[in-house]
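Read through the structure below, which is laid out as structure tokens, and then see the notes.
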């Protein structure tokens, strides 16, 4: 249906035409509203990125014009169709590499690093460098320089900014990890160090003072090591030294004076470095500990001993001391004991200590080892007084050799059973409980058993 026929039909049928027109306008309005809503939800990049991308597109078109003529004049592409489909291969590849470089940069970005463009970034600059050749081939030296600067070089730079500027805006403090960025930062730091500007956050006045202080140190060291020479040269060095000291302002600044003297002392005594007696790092030398006084040694030894053994050692060293004096001496050496422990140690020292108790005391062992030995024993091995122990027969404690010999087989049976179970002789408390005898008789039975074993 032509436009005239559609008009005639609308005039002949006004109401259907009005309905169709209203429906078409409604659909158009809905489509426009949806398009506006979709565009409003699109997050556009910053304006700087958009402008850089537009400029990069124009420079790419400028470079494409050079590629069009180069393909006709130097590559033999006479067909317009062939040239139109292949002349912009480099420009399309440049754009593709820029997009891939930006994606790689965004993927490798962290909180402290801006990421790296990777291989795509290197290819982008490689293509830019190759595109310079057609510029000089088409327009010579002067025109080729203009074509290369405005075309491929500026297009590469602008694409680099358009693809990477947004990431730098989001993370302005991040550092780029690309090869060119690393080399650039290293060269910059070395240049600043070479110029004496490596120390940051200094004022211009402080930089001047530091420079003249270093010069004054050099001149003073030269004069100190100068033993002969022309007098006029020596006077000139002294004049230069005076001028350097004045410009360094060491008289008005105490910190600057200290820095000058410290640096000069280091320079003047630098000849002593080769003669220093330094230990070899390949030798394992034992650290030499200074001799310790006798009270310190006694304090450490007594602290490492079991309390019973410490009481016995102190009692042997002070035979006339009573319980309170022994406790005081041990307390001065860091060993806290009770009256019961002192009485027990004195009884064991006065009488012949049984072998079982000798093993349990663990004399000469470290404190942690003694704890392990005591923990392994049964509760019935303790020699402290137990109020729950069975009542002792007072008559049984009287010395009776015949009765002790009669009881010896039972004592040997108890001792053998204890040996088989605990791998050690039965203690006094075990003999007391099993044989229902008192402590003195248990001591005699233990002595008889030890005599038989020996």
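The numbers here are math on the coordinates, done by the rules we state, and not lab data. From a predicted model like this one, the values you see are computed outputs, not experimental measurements. All Cβ positions, even for glycine, are placed from backbone atoms using ideal geometry, and neighbour counts span all protein chains on display.
As a proxy for reagent exposure, ranking 301, 336, 42 by other Cβ atoms within 10 Å from fewest up yields 42, 336, 301.
Here the scattering of the stretch 409-454 is modelled by Debye summation over its C-alpha atoms, one equal scatterer each and no solvent; at q = 0.13, 0.23, 0.30 Å⁻¹ the log10 of I(q)/I(0) is -0.22, -0.72, -1.19. Taking packing as the residue-averaged number of other Cβ atoms within 10 angstrom, the listed peptides 116-128, 12-24 run from highest to lowest as 116-128, 12-24. Put a dot 7 Å past the Cα of residue 303, heading toward its Cβ, do the same for residue 139, and the two dots end up 8.9 nm apart. By the gyration tensor of its Cα atoms, with a ≥ b ≥ c the square roots of the eigenvalues, what is the shape of the stretch 47-191: rounded for a/c under 1.5, prolate for a/b over b/c, or oblate? In terms of gyration-tensor shape, prolate. Given a Förster distance of 35 Å, report the FRET efficiency between residue 322 and residue 447 from their Cβ-Cβ distance, rounded to the nearest 0.05. So the FRET efficiency works out to roughly 0.80. Principal axis extents of the Cα atoms in the stretch 203-269, from largest to smallest and rounded to whole angstrom, are 39, 24, 16.
Which values, in whole Å and largest first, are the semi-axes of the equivalent ellipsoid of the stretch 32-119 obtained as the square root of 5 times each eigenvalue of the Cα gyration tensor?
Numbers: eigenvalues 222, 91, 26 Å².
Computed over the stretch 32-119, the values are 33, 21, 11 Å.
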